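Derivation of every value follows stated rules applied to the coordinates shown; laboratory data play no part. Predicted model only: the values in this text are computed from it and were never measured. All Cβ positions, even for glycine, are placed from backbone atoms using ideal geometry, and neighbour counts span all protein chains on display.
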Amino acid sequence: MSAARAYETCTDRARAATGPTGSIGVGVGSGGASTNIEIGISTDYLAGRDPQLVYDRCFRQLTGAGPTRPLIL
């Protein structure tokens, strides 16, 4: 995996470790009203893992080297 893709993937995992994520959608169309709710909770969050450590471990697993960019959430 490229380093650029690993940074993106690992930043997303670290962000998920900070707390639950989710989205709410509401729409109206010819068929009437519709809603969509999504909630995600990562196992890293449930385990209380530090997002910085999640980021570092993820990057090392995907690339075999340590990250050279700091985690910016």
(request) Please get the size of the charge dipole for the range 11-73, origin at its Cα centre, with Cβ charges of +1 on Lys and Arg and -1 on Asp and Glu, quoted in debye to the nearest 20. (result) 200
(request) Rank ALA47, ALA17, TYR7 by how far each Cα sits towards the positive end of the charge dipole of the chain (+1 on Lys, Arg Cβ; -1 on Asp, Glu Cβ) and give me just the farthest. (result) TYR7
(request) Would you mind getting me the FRET efficiency between THR43 and ARG5? Use the beta-carbon distance for r and R0 = 25 Å, nearest 0.05. (result) 0.70
(message) Can you tell me the orientation of helix 51-63 relative to the chain, as the angle in degrees between its alpha-carbon axis and the longest Cα principal axis, to the nearest 10?
(response) 70
(request) Could you give the C-alpha radius of gyration of the chain expressed as a fraction of 2.2 N^0.38 Å, taking N as the number of residues it contains? (result) 1.46
(message) Net charge around THR68, counting only other residues with Cβ within less than 13 Å of its Cβ (Lys, Arg = +1; Asp, Glu = -1)?
(response) +1
